[in-house]
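For reference, the structure is listed below as structure tokens.
The values are calculated or read from the model by the stated rules, or taken from the named source; none is laboratory data. It should be emphasised that the depicted structure is a prediction, and the values quoted were computed from it without experimental measurement. We place every Cβ from the backbone using ideal geometry, glycine too, and count neighbours over all the protein chains shown.
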Amino acid sequence: MPTIPFEVFRGSPGQTRFDTFSLDIPEHTPILTALLKIRDEIDPTLTLRYSCRQAICGSCAMRINGKSRLACLTPVGPEFRARGKLRIEPMANQPVLRDLVVDQGPFWQRYHSIRPYLVPDPQHPLPVGKESPMTPEQVAQFQETPRCIACASCYSACPAIASDGDFLGPMALAKLFRFVVDPRDGAFHERLLGVQNQSLWLCLRCNLCVESCPKDVRPAERIHDLKWMANQELGALERGSRHAIKFASNIREGGLLNEMKLARETLGLVGMLGQIPKGIELARHGKSIRKHPPIQGREELDAIYRELDRPEDLQHRPRVPGQGVKGPTQQPSKAGGAA
Amino acid sequence: MVGAGLAGQRAALEAIRSGLDVGILSKLHPLRSHSGAAQGGINAALGPQDSVKDHVYDTVKGSDYLADQDAVEILCREAGPTVIEMEHFGTIFNRAPDGSLDRRAFGGASYSRTIFAADRTGLALLQALYEEISRETRVRIYEEWDAIRLVSRGGRVHGVVALDRKTGTVEGFAAKSVVVATGPAGRIYARTTNSHASTGDGGALAYRAGAYLKDMEFVQFHPTALPGSGILITEGARGEGGILRNKNGERFMERYAPHVKDLASRDVVSRAIATEVAEGRGFPDGTCHLELMHLGREKVETKLQEIVGFCRNFAGIDPVTEPIPVYPAQHYMMGGIHTNPRGETNLAGLYAAGEAACVSVHGANRLGANSLLETLVYGKIAGANAAEFARKTTAGELTPEDVSTAEKELHALWERREGEPPARLRNDLQSTMEADVGIYRTPEQLEAARRKLGEIRTRYASCYVEDKSTVYNVNLTDAIELGHMLDLAEVIVAGALARTESRGAHVRRDFPRRDDANWMKHTMALWSPQGPVLSYLPVTVTEYAPKERVY
Ligand SMILES: Cc1cc2nc3c(=O)[nH]c(=O)nc-3n(C[C@H](O)[C@H](O)[C@H](O)COP(=O)(O)OP(=O)(O)OC[C@H]3O[C@@H](n4cnc5c(N)ncnc54)[C@H](O)[C@@H]3O)c2cc1C
Ligand code: FES
């Protein structure tokens, strides 16, 4: 049994430190078990959230050697071998209350802001006394999101939350997706409208939420799905989606990005005026924004776009219409998806 | 409402929808409640051949005829509408190819009547119910508040005193009626499939306030849990062909159940494993082995995915190439706060539901997938009746002294400068219950347990909370919970000593048979300064006279 040093974050804001504890434990011991051993046998003042110890209640997320993980699901061995120690810190992006316990208020506020419940559809009331109809295709839409245990690992890992307080964050958006694809829900359009302007396009697509999710909900992919659906349902109403669509068509045209044209199409002429200082700054740093000459090998580019336009790919996660259930108002159009 | 698992939230929803303002106290965020850990499913006789009557019969038979049959009838009659309602609330259940709710088979049931959501039925239900509550404005959820006292006077409940974990503040909540739905109490045992928060708080608080506890000696053990953590390895493993062996490599279930062997019912397999280990045929770590290796990698990894995950993640074992060490673990408390089929306790204004309560629909032995059903059916009933009571009654009279007495007791514990840490006392309590009040019971062991619990109670009087912080002090809540577990443990032992028969999960070596002439009755325990005072209540029989239980 190896002796494993734990460096554990202690204290409340203003008075923090790291305490080191050493334990002789087998490598497969979950980190939660080790922390509870520290609490029971060495220092009962260490505090943390935990309950189920089987990765289902979502209480025990924390940063383990910098990565947001469930303590009950992470064995000590691999991290110890990789780094020679275990550094245990509270989750990021949430104010610390004490030791490993953070204030989850902001996380839950975001959850509640998406209207996390079925909104009745007056045109299609649920059948009385029996289950709502659902086709296998509709059921298939629920593959990942019901697995979410609201542990906030993704929220802790997300750099967009850190940089923009308005961002709903991976968990809330994955939850939104769960309602958007639900054939029982009557607020498909409004739900997409609610996030199209803001949250969807603040995602940096860094994939850290996917990497940190213990339940393989893959929130970034759900956000991507939502972007696609928003473009299909609402059209390119605002900057984020216009940018994505024009980016794709811009490259299709010339093979290289025409920044001037992209800015004009995304922002409009008036919007562009506001970007003049940035343009000057760019030019001063030697960044050219002139039109590029035609590229070589256009055929290859065209072939790539042909692949991308295959109908089965365009149907990436459409909302599946079913019996007695409202479907998308438009069929998927040919506009390129999120670039 | 005290508790925000399935039972507490369902009760709350009913009271809110009847037009009342509701406060919910929960020591965990509602979505972190133990209900979320239930995997298998929820029973409802929705299949074409199945019927409510069959469901009632199976439940009564499973209970070893200790369930109240009128209560079971309500449970099974409401099962269909309850599942449909949960579907309408948004539960994402598995569907058959035709879109109807899919069903799976479960032990003790005559038909496939278990509706499920992959291997996370509890989580799916909990999510949907919380979503439904989130829609409401007439509710305030006090998350991470621990109820530490139920205030009763003159045979009526007046409110709750609670501790805010985040600030250490103690506050009183006057209430016209209170529903206790604090869930399981498995942590009384060293090996349990229950979560760390399953400490039976509500049962102890109600008991101290003068409510009856019923049938506490009936403790269900699940045969196959991982030895260290108690994490459950589902019956599915044996269903797919898993084999149990002792240290001599012998397939010992052939001796205990020659026909069905490893597929015998939960209680039979639990007793077999316990016997093998007790008679020296277990492995050095006190386990038997569950082998899946012969099934081949593909079958194990696809059909038993979740078990593979549990073994690899929580025990460092690969069931494809190695045997899984298993031992029975406490799984479910059939007993709890006594209620009638309206969810009423013997105290006016006090209601109980879910695993903390005992209606009784499970009698001496619960059938799989009936307890999720119970939380919802009886949660709703308790909520409706608590609301009706509240509408007709005067405000709860919670005095400043009620709050300050509870606060003073807490502070006395908190400010003590020396003594024994709660962790040590808890370990002693858990190992006592594990060793002496387990699957097989003898009067000698039960007497020994009674003595040891008495000693632990004396030591508990000088329990020392080293953490003096007011912010999220788990050391303090550990000590409080320990007091609750101690109360319940005493009642379990008293009931088990008195009951000189074997019925369902209660097995006495000196009285190996069921004794309907003398013991077809519920054990009722009232708190007294000298310890539990027992009395008995007849079982309600409507249709099914007791028969021998054979499968
Ligand atoms: C591993 C496992 C698998 C299971 N699988 C199944 C299954 O497949 N089918 C089935 O029917 N049953 C199953 N069960 C049993 C079933 O899950 C439980 O009986 C049921 O979920 C209990 O629900 P509850 O609402 O009574 O309690 P819980 O869900 O435990 O809720 C208790 C609530 O009370 C709160 N609380 C506790 N103490 C306090 C306090 N002092 N102050 C304030 N709040 C407090 C908690 O925060 C929590 O919100 C399983 C159990 C286990 C352990
Ligand atoms: S303790 Fe429940 S998720 Fe880790």
For B:Asp119, only one of the following conditions fails: (1) modelled with pLDDT of 95 or more; (2) more than 30 Å from B:Val170 (Cβ to Cβ); (3) within 16 Å of ligand 2 (Cβ to nearest atom). What is its number?
(1)
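Assess whether B:Gly155 counts as being farther than 25 Å from B:Gln9 by Cβ, of a type in the set (Gly, Ala, Ser), away from ligand 2 (no atom under 16 Å from the Cβ) and away from chain A (no Cβ under 14 Å). I'd like the intermediate steps shown before the answer.
Values: farther than 25 Å from B:Gln9 by Cβ: yes; of a type in the set (Gly, Ala, Ser): yes; away from ligand 2 (no atom under 16 Å from the Cβ): yes; away from chain A (no Cβ under 14 Å): yes.
Yes; evaluated as a whole, the condition is true for this residue.
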Filter result for B:Met485 (touching a Phe, Trp or Tyr at 6+ places or on another chain (Cβ under 7 Å), more than 14 Å from chain A (Cβ to nearest Cβ) and buried (at least 22 other Cβ atoms within 10 Å of the Cβ)):
no
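Within the stretch A:25-38, can you find the residues that are within 11 Å of ligand 2 (Cβ to nearest atom) and either among the hydroxyl-bearing types (Ser, Thr, Tyr) or in a loop (DSSP other than H, G, I, E, B) (or both)? Please lay out each step first, then the result.
Going residue by residue through the stretch A:25-38, those that are within 11 Å of ligand 2 (Cβ to nearest atom) are A:30-33, A:35-36.
Within the stretch A:25-38, just A:Thr33 meets the criteria.
How do the helices (runs of 4 or more DSSP H) wholly within the stretch B:1-94 filter down when requiring 3 or more residues that are buried (at least 21 other Cβ atoms within 10 Å of the Cβ) and either within 8 Å of ligand 1 (Cβ to nearest atom) or within 14 Å of chain A (Cβ to nearest Cβ) (or both): which remain?
Numbers: elements: B:6-17, B:52-62, B:69-88.
Hits in the stretch B:1-94: B:6-17, B:69-88.
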Has the stretch A:76-90 got any residue that is farther than 24 Å from A:Ala174 by Cβ, within 10 Å of chain B (Cβ to nearest Cβ) and in contact (Cβ under 8 Å) with a residue 12 or more places away in the chain?
yes
Among (1) within 28 Å of B:Trp414 (Cβ to Cβ); (2) part of a strand (DSSP E or B); (3) among the aliphatic types (A, V, I, L, M); (4) away from every other protein chain (no Cβ under 14 Å), which single condition is B:Ile141 missing?
(4)
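Does any residue of the stretch B:370-390 turn out to be exposed (fewer than 15 other Cβ atoms within 10 Å of the Cβ) and either among the charged types (D, E, K, R) or touching a strand residue (DSSP E or B) at 6+ places or on another chain (Cβ under 8 Å) (or both)?
Our first condition is that a residue be exposed (fewer than 15 other Cβ atoms within 10 Å of the Cβ); within the stretch B:370-390, this holds for none.
Scanning the stretch B:370-390, I find no residue that is exposed (fewer than 15 other Cβ atoms within 10 Å of the Cβ) and either among the charged types (D, E, K, R) or touching a strand residue (DSSP E or B) at 6+ places or on another chain (Cβ under 8 Å) (or both), so the answer is no.
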Looking at B:Thr477 and the list (1) surrounded by 19 or more Cβ atoms within 10 Å (Cβ to Cβ); (2) away from ligand 2 (no atom under 16 Å from the Cβ); (3) of a type in the set (Ser, Thr, Tyr), which single condition is not satisfied?
(2)
Selection from the stretch A:102-144 of residues that are at the interface with another protein chain (Cβ under 10 Å from one of its Cβ atoms) and among the hydroxyl-bearing types (Ser, Thr, Tyr):
A:Tyr111, A:Tyr117, A:Ser132, A:Thr135
Could you identify the single residue in B:Ala147, B:Ala190, B:Ala204 that is of a type in the set (Gly, Ala, Ser), more than 16 Å from ligand 2 (Cβ to nearest atom), touching a strand residue (DSSP E or B) at 6+ places or on another chain (Cβ under 8 Å) and more than 10 Å from every other protein chain (Cβ to nearest Cβ)?
B:Ala147
Going by the structure shown, is B:Glu418 away from ligand 1 (no atom under 16 Å from the Cβ), farther than 22 Å from B:Asp201 by Cβ and within 14 Å of chain A (Cβ to nearest Cβ)?
yes
Among (1) free of Cβ contacts under 8 Å to residues at least 60 places away in the same chain; (2) over 20 Å from A:Val96 (Cβ atoms); (3) within 16 Å of ligand 2 (Cβ to nearest atom), where does A:Cys57 come up short?
(1)
Cross-chain or 6+ apart pairs with Cβ under 6 Å, the stretch B:271-282 first and closer than 12 Å to B:Tyr327 by Cα, then of a type in the set (D, E, K, R) and assigned to a helix (DSSP H, G or I)
B:Gly282/B:Glu276
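Quick grid of which residues meet (1) in contact (Cβ under 8 Å) with a residue 40 or more places away in the chain; (2) farther than 28 Å from B:Ala272 by Cα; (3) surrounded by 14 or more Cβ atoms within 10 Å (Cβ to Cβ):
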{"position": "B:Leu398", "(1), (2), (3)": "yes, yes, yes"}
{"position": "B:Lys408", "(1), (2), (3)": "no, yes, no"}
{"position": "B:Ala412", "(1), (2), (3)": "no, yes, no"}
{"position": "B:Pro421", "(1), (2), (3)": "yes, yes, yes"}
{"position": "B:Leu425", "(1), (2), (3)": "yes, yes, yes"}
{"position": "B:Ser431", "(1), (2), (3)": "yes, no, yes"}
{"position": "B:Gly438", "(1), (2), (3)": "yes, no, yes"}
{"position": "B:Glu466", "(1), (2), (3)": "yes, yes, yes"}
Of the conditions (1) free of Cβ contacts under 8 Å to residues at least 60 places away in the same chain; (2) touching a helix residue (DSSP H, G or I) at 6+ places or on another chain (Cβ under 8 Å); (3) under 26 Å from B:Phe116 (Cβ atoms); (4) in a loop (DSSP other than H, G, I, E, B), A:Leu168 fails just one. Which one is it?
(3)
Test for B:Glu132: is it touching a Phe, Trp or Tyr at 6+ places or on another chain (Cβ under 9 Å), within 13 Å of chain A (Cβ to nearest Cβ), not polar (S, T, N, Q) and not in a strand (DSSP E or B)
yes
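Would you confirm whether or not the stretch B:56-67 contains a residue that is more than 22 Å from B:Arg266 (Cα to Cα), over 20 Å from the mean Cα position of the chain (by Cα) and in contact (Cβ under 8 Å) with a residue 60 or more places away in the chain? Working first, answer last.
Taking the stretch B:56-67 as the starting set, the residues that turn out to be more than 22 Å from B:Arg266 (Cα to Cα) are none.
Checked against the condition, which is being more than 22 Å from B:Arg266 (Cα to Cα), over 20 Å from the mean Cα position of the chain (by Cα) and in contact (Cβ under 8 Å) with a residue 60 or more places away in the chain, the stretch B:56-67 yields no hits at all.
Quickly run through the stretch A:201-215 and pick out the residues that are in a helix (DSSP H, G or I) and either of a type in the set (Phe, Trp, Tyr) or closer than 24 Å to A:Glu238 by Cβ (or both).
The first filter runs over the stretch A:201-215 and keeps only residues in a helix (DSSP H, G or I), leaving A:201-202, A:208-212.
Selection gives A:Trp201, A:Leu202, A:Cys209.
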